[in-house]
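Here the structure comes first, spelled out in structure tokens, and everything after it is commentary.
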Amino acid sequence: MPKMSSTEVYKYIRSHGIKAPVVLISGYHQEQVISNISNDPNAYFVKKPFDIDDLLG
């Protein structure tokens, strides 16, 4: 995203009380993203590039 990182989007969503499952897809800063979502059972991380079958499986 040009204006917000995946971590910023995640924090924004959760700060507004939205509990829906979130899938963060990024090619950068994998460790940072995972550490931010590690305690959230409704948040998932997929590293770019990925195969669509991996996402659906």
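For Val46, are the conditions met, namely being part of a strand (DSSP E or B), surrounded by 10 or more Cβ atoms within 10 Å (Cβ to Cβ), among the β-branched types (Val, Ile, Thr) and touching a Leu at 6+ places or on another chain (Cβ under 8 Å)?
Yes; evaluated as a whole, the condition is true for this residue.
For the range 1-43, give me each residue that is closer than 20 Å to Asp54 by Cα and among the β-branched types (Val, Ile, Thr).
Listed by number, the residues that qualify are Val22, Val23, Ile25, Val33, Ile34, Ile37.
Provide a single number: the residues in the range 1-35 that are touching a Ser or Thr at 6+ places or on another chain (Cβ under 6 Å), assigned to a helix (DSSP H, G or I) and not aliphatic (A, V, I, L, M).
1
Inside the range 29-43, can you point out the residues that are in contact (Cβ under 8 Å) with a residue 12 or more places away in the chain and either touching a Leu at 6+ places or on another chain (Cβ under 8 Å) or exposed (fewer than 11 other Cβ atoms within 10 Å of the Cβ) (or both)? Break it down into steps so the answer makes sense when it comes.
First, the residues of the range 29-43 that are in contact (Cβ under 8 Å) with a residue 12 or more places away in the chain: 29-30, 32-33, 36-37, 40, 42-43.
Answer for the range 29-43, where residues must be in contact (Cβ under 8 Å) with a residue 12 or more places away in the chain and either touching a Leu at 6+ places or on another chain (Cβ under 8 Å) or exposed (fewer than 11 other Cβ atoms within 10 Å of the Cβ) (or both): Val33, Ile37, Ala43.
Read-outs: derived from the displayed coordinates by stated rules, not from any lab. The model shown is predicted, which means the values in this text are computed figures rather than measured ones. Please note: Cβ atoms are built from the backbone with ideal geometry, for glycine as well, and neighbour counts cover all protein chains shown.
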